[in-house]
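Working notes, beginning with the structure itself.
The values are calculated or read from the model by the stated rules, or taken from the named source; none is laboratory data. In this text the structure is predicted, and so the values were computed from the model without any measurement. Every residue, glycine as well, gets a Cβ built from its backbone with ideal geometry; the counts of neighbours run over all protein chains shown. Ligands, DNA and RNA are stripped out before the accessible areas are found, and what is left, the full protein with its side chains, is counted by its heavy atoms. Shrake-Rupley method; radii C 1.70, N 1.55, O 1.52, S 1.80 Å.
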Amino acid sequence: ASTGGTWLVVSPTGGNLNKGATQNILVSTTLAKVQSGPGTYQGQITFTNGPAHAIVTVIFSVQAAPLPQLNSNITSFGIQQQCTFQQTMWRCPLITLSRSGTTIGNLAWTATGNSSIKIIINPASGTLQNGQTAAVEIDTQRVACDTAAILGTITFTGPANSVTVTMSC
């Protein structure tokens, strides 16, 4: 047996069969060799026995990974305009994380903050199934700053992309 693509693997590639005997073969794919990303790939396995041969066509579909999305495509928020000051912290329950696409499988995500001040992200990670959303609260300490001064960024990362939100005063 032989294959017509580097991503298609067959094992074993040869052997001997007595009359009426059968043998199972394993057909698998090597995802690392599917270079073009999501799409439909076609390959062939050729079985040869002397001058006779049989060709089996294999179709392999790769779905795009789900992507994290933010409600209303929010790209920035101002703590003094959009958050609530409680005790010693600005509480910002503004972000709803969802996932794009209708792909099968879950979206595992993480969130990280980049700032010179303390940023608390709650929750900071999770898993979204198709149709689910996650409310994410961003909290930070009280700071003295000018309106619109950038305090930092929060980045939501999934397996295929990331989305960044800017936090300002």
Every residue in segment 85-95 that is β-branched (Val, Ile, Thr) and open to solvent by less than 50 Å² (accessible area, probe 1.4 Å), please.
95
Which numbered condition in (1) open to solvent by 70 Å² or more (accessible area, probe 1.4 Å); (2) under 18 Å from residue 162 (Cα atoms); (3) within 16 Å of the chain's Cα centre (by Cα) is the only one that residue 128 fails?
(1)
Anything in segment 131-141 that is closer than 15 Å to residue 155 by Cα and more than 20 Å from the chain's Cα centre (by Cα)? List them, or say none.
137, 138, 139
Suppose we keep only residues that are among the charged types (D, E, K, R) and closer than 15 Å to residue 91 by Cα within segment 131-164. Which one would you say is surrounded by the most Cβ atoms within 10 Å (Cβ to Cβ)?
139
So which of 75, 84, 110 ends up being more than 26 Å from residue 158 (Cβ to Cβ) and in contact with a strand residue (DSSP E or B) (Cβ under 7 Å, 6 or more places away or on another chain)?
84
Segments classed as strands (runs of 3 or more DSSP E), wholly inside segment 50-169, with at least 2 members that are within 30 Å of residue 27 (Cβ to Cβ):
52-62, 107-115
Looking at segment 101-125, which of its residues are of a type in the set (S, T, N, Q) and surrounded by 13 or more Cβ atoms within 10 Å (Cβ to Cβ)?
103, 106, 110, 112, 115, 125
The correct count of residues that are under 20 Å from residue 85 (Cβ atoms) and in contact (Cβ under 8 Å) with a residue 12 or more places away in the chain in segment 121-165 is 21
Cβ pairs under 6 Å, 6+ apart or interchain, first in segment 1-30 and within 16 Å of residue 44 (Cβ to Cβ), second of a type in the set (S, T, N, Q) and modelled with pLDDT of 85 or more, ordered by first then second residue, are 1/13; 2/46; 4/44
Read through the list (1) open to solvent by 30 Å² or more (accessible area, probe 1.4 Å); (2) at pLDDT below 90, then give the number of the only condition that residue 82 fails.
(2)
